[in-house]
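Novice: The following block contains the structure, expressed as structure tokens.
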There are 2 protein chains.
Amino acid sequence: MRTPAENARLALLLEVAGTPKPGNVDRHRDLPELRFEHFLAGAVGASEGLALAGSGSPVGVAFERAVAGMADQGGGNTQFGALALLVPLVRAAADGDRGLSPADASRIAESTTVADAVAFYRAFEHVDVFVDEPPADASVPDVRRGAAAAAELTATGTTLKDVMATGAPRDDVAREWCRGFERSFAAADRLAGADGPLADRAAEVFISLLADRPDTLVASRRGVGVAEEVSERARELQRTDALAEEPDRLEAFADELVSRRINPGTTADLVAAGLFVALENGVIEP
Amino acid sequence: MRTPAENARLALLLEVAGTPKPGNVDRHRDLPELRFEHFLAGAVGASEGLALAGSGSPVGVAFERAVAGMADQGGGNTQFGALALLVPLVRAAADGDRGLSPADASRIAESTTVADAVAFYRAFEHVDVFVDEPPADASVPDVRRGAAAAAELTATGTTLKDVMATGAPRDDVAREWCRGFERSFAAADRLAGADGPLADRAAEVFISLLADRPDTLVASRRGVGVAEEVSERARELQRTDALAEEPDRLEAFADELVSRRINPGTTADLVAAGLFVALENGVIEP
């Protein structure tokens, strides 16, 4: 019987093992400076922070510790977004006693404090995270200010949930925090409904999530147009059931995204969150 | 800074990620009933037992807990042998303060008790481990007796080191316990001396260890002749530097062993132990 923290570690590992996961590091693909083994080390490094969440520590403290541990490898940012989803979900699972629900997850999001926001900002100092320029009229400090934002967060009484609410329109990790982690739970349902080895299901659900919505990281780095193009391509592969019927086309799409350096990392984060929910609720088993 | 228990988890993950690792599950190969994801789940499941070793628990207790956790997945025995090496090594690393030496590891082996032996036998009840028929004149109980051997172990004052000493002539995991974990430390030196991503180094060192000595698991399951043939083939691939010069020949060898169901699992266990030593001593870094 795995603990919530152990299920979160396993979710991180199963996510990166799924292949093909177009544009991302997976069991069959490395990127030039970011390799499979960096994700393995990131998952191990995140252990202590995830364990803190599992034992009821504040979300901010657990998240900052998880990110600091994750960053202790040479590949840079591997799982920042995934941890921003997993930490509150692990905390919710640890608080409950019968399965994990969207309401449980929302309750944890709502209960976050200014101290959680301050720790979240500090986490950006441990690793280089790609983030957009904030809008000129942003109501919360730029996350890239890190620990220096503490005084402003405190003066304005800004909680971590407030920070996420501000980011939600442009960031699908923040959006999960404001919508009961709906896509994470949807991913869990899809994982449970799919067939075959879990890593294969993870790859299948990755494509389905990419088809649903443009990837946040792709939109930030490469523009909304590219993100929409990638989602349209995923929809088309899904329509033709390429995973089952034309695996070569899917592999070609994966190779193309790697060569174009298009990296749908936020979609991978959602798969990791879905794997966690599904493991935690016992609807998938390794 | 990873703890010894975290380094052990990472060693288990890097070991299975190395490819090609002829005959074994690796980043590119599953076996029919034993998949990559079972090894990921096994590594996560072993966490608590490894953490016990890292906090000074007796080797037997930590090992039994690690095996019970490892077995909580559908693939069966994934890392029993690796844990039989890692648990004493983690315990030795946790006891020391400046690097891990063969003498540290031997000290832990020598200090094991009858209670450690009893726990070791109990571990065989958690998972189906392939073991040879013991010799007719064996001086210790058949490990397959599990917990039922406790009275005999106690009556004869048999420690876990005594059990390993009896197994050493035919079992290269037990042999490590009696020779200062010499091949584990040799593997660590080779990993440090190799180039490239850690998973690639793990694959390279796997071939070199296989070339050195016939694999115990292959010898047990398929006979000494087959084990010697496999080692001779590994020597020949090493002589021609196939990993660098003729990767296709190495891949063909890997495919051949999978199709012949020849599984050099003990050699993989030694690679995991070598990865741990190298991580712990800071001579490799992910």
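The values are calculated or read from the model by the stated rules, or taken from the named source; none is laboratory data. In this text the structure is predicted, and so the values were computed from the model without any measurement. Heads up, the Cβs are rebuilt from the backbone with ideal geometry, glycines too, and the neighbour counts pull from every protein chain shown.
Novice: For the range B:194-230, enumerate the residues that are farther than 18 Å from B:Glu133 by Cβ and of a type in the set (S, T, N, Q).
Specialist: Passing the criteria: only B:Ser208.
Novice: Let me ask another. Does B:Leu100 satisfy the condition of being closer than 21 Å to B:Val283 by Cβ, in contact with a helix residue (DSSP H, G or I) (Cβ under 8 Å, 6 or more places away or on another chain), within 14 Å of chain A (Cβ to nearest Cβ) and not polar (S, T, N, Q)?
Specialist: Spelling it out, it is not the case that B:Leu100 is closer than 21 Å to B:Val283 by Cβ, in contact with a helix residue (DSSP H, G or I) (Cβ under 8 Å, 6 or more places away or on another chain), within 14 Å of chain A (Cβ to nearest Cβ) and not polar (S, T, N, Q).
Novice: I'd like to check which helices (runs of 4 or more DSSP H) are fully inside the range A:213-286 and have at least 2 residues that are surrounded by fewer than 18 Cβ atoms within 10 Å (Cβ to Cβ), of a type in the set (Gly, Ala, Ser) and more than 22 Å from the chain's Cα centre (by Cα).
Specialist: A:247-259
Novice: Next up: Output the residue which, of all residues in the range B:28-50 that are buried (at least 22 other Cβ atoms within 10 Å of the Cβ) and in a loop (DSSP other than H, G, I, E, B), is farthest from the other protein chains (Cβ to nearest Cβ).
Specialist: So, considering only residues that are buried (at least 22 other Cβ atoms within 10 Å of the Cβ) and in a loop (DSSP other than H, G, I, E, B), the one farthest from the other protein chains (Cβ to nearest Cβ) is B:Ala46.
Novice: To continue, here is another question. For B:Ala8, are the conditions met, namely being under 16 Å from the mean Cα position of the chain (by Cα), within 17 Å of A:Thr3 (Cβ to Cβ) and surrounded by 24 or more Cβ atoms within 10 Å (Cβ to Cβ)?
Specialist: The answer is no for B:Ala8.
Novice: Please go through the range B:72-96 and give me each residue that is surrounded by fewer than 24 Cβ atoms within 10 Å (Cβ to Cβ) and in contact (Cβ under 8 Å) with a residue 40 or more places away in the chain, ordered by number.
Specialist: Within the range B:72-96, B:Gly75, B:Gly76, B:Asn77, B:Ala94 qualify.
Novice: Right, another one. Evaluate the following for B:Leu86: is it at pLDDT 95 or above and within 18 Å of the chain's Cα centre (by Cα)?
Specialist: Answer is yes for this residue.
Novice: (1) touching a residue at least 12 places away in the same chain (Cβ under 8 Å); (2) hydrophobic (A, V, I, L, M, F, W, C); (3) in contact with an Asp or Glu (Cβ under 8 Å, 6 or more places away or on another chain): which one isn't true of B:Met1, the others all being true?
Specialist: Every listed condition holds for B:Met1 apart from (1).
Novice: Working carefully through the options A:Asp116, A:Asp128, A:Asp137, find the one that is touching a Gly at 6+ places or on another chain (Cβ under 9 Å) and surrounded by fewer than 16 Cβ atoms within 10 Å (Cβ to Cβ).
Specialist: A:Asp128
Novice: Select the helices (runs of 4 or more DSSP H) contained entirely in the range A:51-139, then report the ones holding at least 3 residues which are over 19 Å from A:Trp177 (Cα atoms).
Specialist: Ranges flagged: A:59-70.
Novice: Can you name the residue in the range B:184-203 that is surrounded by 24 or more Cβ atoms within 10 Å (Cβ to Cβ) and more than 14 Å from every other protein chain (Cβ to nearest Cβ) and is also nearest to the chain's Cα centre (by Cα) among such residues?
Specialist: Looking at residues that are surrounded by 24 or more Cβ atoms within 10 Å (Cβ to Cβ) and more than 14 Å from every other protein chain (Cβ to nearest Cβ), I get B:Ser184.
Novice: State yes or no: is A:Thr78 touching a helix residue (DSSP H, G or I) at 6+ places or on another chain (Cβ under 8 Å) and more than 10 Å from chain B (Cβ to nearest Cβ)?
Specialist: Against the criterion (touching a helix residue (DSSP H, G or I) at 6+ places or on another chain (Cβ under 8 Å) and more than 10 Å from chain B (Cβ to nearest Cβ)), A:Thr78 qualifies.
Novice: Residues in the range B:52-68: is at least one within 11 Å of chain A (Cβ to nearest Cβ), surrounded by 24 or more Cβ atoms within 10 Å (Cβ to Cβ) and over 16 Å from B:Leu217 (Cβ atoms)?
Specialist: No: the range B:52-68 contains no residue that is within 11 Å of chain A (Cβ to nearest Cβ), surrounded by 24 or more Cβ atoms within 10 Å (Cβ to Cβ) and over 16 Å from B:Leu217 (Cβ atoms).
Novice: Can you pull out the residues in the range B:4-21 that are modelled with pLDDT of 95 or more, out of contact with any Asp or Glu (no Cβ under 7 Å at 6 or more places or on another chain) and either more than 8 Å from chain A (Cβ to nearest Cβ) or assigned to a strand (DSSP E or B) (or both)?
Specialist: Correct list: B:Ala5, B:Ala8, B:Ala11, B:Leu12, B:Glu15.
Novice: Shifting gears a bit: Determine, yes or no, whether A:Ala149 is part of a helix (DSSP H, G or I) and in contact (Cβ under 8 Å) with a residue 40 or more places away in the chain.
Specialist: The answer is no for A:Ala149.
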